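Here the structure is laid out as structure tokens; the discussion comes afterwards.
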Amino acid sequence: MTVPQERSGEPKENHSERRRIDPDDDASSTASFLLERQAILDRALRDEDHSTLSSIMRRNPPVPVALLALGSEEVCERFVKWLLNANIEVERASSATDALVRLGQRTHALLFTDRLELVQAVRQLHAGSASHVIFVDVDGKVGAREALRRGANDCMPAQASGGEEFWAHLTTARRIASLSSALQLALTDNRILSTIDELTRCGSRRFFEHEFPREVERAVRLHRPLSLVMCDIDHFKAVNDSHGHEVGDEVLREFAARLTHGLRLGEDWVARIGGEEFAVVLPEVGTDEALQIAQRLCERVRGSAHETTAGPLQVTGSFGVAGFEPLRGQSRTTLHALVNTADAALYESKRAGRNRVTAVQPR
């Protein structure tokens, strides 16, 4: 089905519960709504990937927080005071079970405990649950060798009477916390850089290649519709050749902004997958509605000139739509079927004269 340029009037808005995505949002805001969708997929596909690396990357990055699981209230209060004076945030666990729950909810830079069984239990958790485990030898009977054998990274006394050795342990802990803080910033920046396309503030090709297969898996597993819209800018090479790449970049940014305008935050998302080619992913949307959305996007792109430093430029786009709808008898589909069908529909739009929408059901 091809919808040509001559089609008049906008289809009635029926893509419910829309929340506008501001094209002027900064990189972190753009990454936030893409990562929100990623979190939804994580919840829907809990058993998808149990690898150590995957579990680390999906958790919040380490933060400079110390977890205290100490049996003696007096010792615990003493460590709280020391750590706060070192500008380290402190959490207190009421029991070993409570400590394990907290470690499962949040990554901690440091764990101080006087319970060897907890040290052993922590080492059974996935990597990254606690960066540095310190056994506090309250009565001096366990010794560093046994604590390290059980899995601790360090062993220290509970009293400051040990002099320089005691404070050396705390200094090491503070440095570990500072390293954790730096790692948090680095991982956060890396997530943003790997999630968005720097020029257009859409999702990156890498994000699309990682997340779209999971969207397909979710749709198949939950028997929910899913649509993919492929689109690109008509005659984009002519823009670069006539006005230069800086103006071409301005056109790309405006084209991307018009695509993202009005999509559902945390559900619909847009990724730049090639030079001037974009993918619009529409979870919970069937082919008919996706066709209407794509037509609205096509009309929005051509509706007014794109303002550039070379003056206003009239820009159009070609769109191809592919939908997966299990309620219409499609019990299964594949990633490649959806992508190939949307690609074929896009090129049919270009073959038919550009500046139009074509929809095809995947085989």
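For ALA344, the conditions (1) of a type in the set (A, V, I, L, M, F, W, C); (2) assigned to a helix (DSSP H, G or I); (3) crowded, with 17+ Cβ neighbours inside 10 Å are fulfilled apart from (3). Taking into account only those residues within region 293-325 that are touching a Lys or Arg at 6+ places or on another chain (Cβ under 8 Å) and part of a helix (DSSP H, G or I), which is nearest to ASN240 (Cα to Cα)? So the residue we want is VAL301. Across region 41-51, not a single residue is classified as modelled with pLDDT of 90 or more and hydroxyl-bearing (Ser, Thr, Tyr).
Just checking, does region 272-283 include any residue being on the phi > 0 side of the Ramachandran plot and either surrounded by fewer than 18 Cβ atoms within 10 Å (Cβ to Cβ) or of a type outside the set (Phe, Trp, Tyr) (or both)? No - not one qualifying residue is present in region 272-283. If you go through region 112-123 and keep only what is under 21 Å from ARG174 (Cβ atoms), at pLDDT 90 or above and among the hydrophobic types (A, V, I, L, M, F, W, C), you end up with PHE112, VAL119. Scanning region 311-334 for residues that are at pLDDT 95 or above and among the hydrophobic types (A, V, I, L, M, F, W, C), which turns out surrounded by the most Cβ atoms within 10 Å (Cβ to Cβ)? By that ranking, first place goes to VAL321.
The values are calculated or read from the model by the stated rules, or taken from the named source; none is laboratory data. Remember, predicted model here, so these are calculated numbers, not experimental data. So basically every Cβ, Gly included, is an ideal-geometry build from the backbone, and we count neighbours across all protein chains shown.
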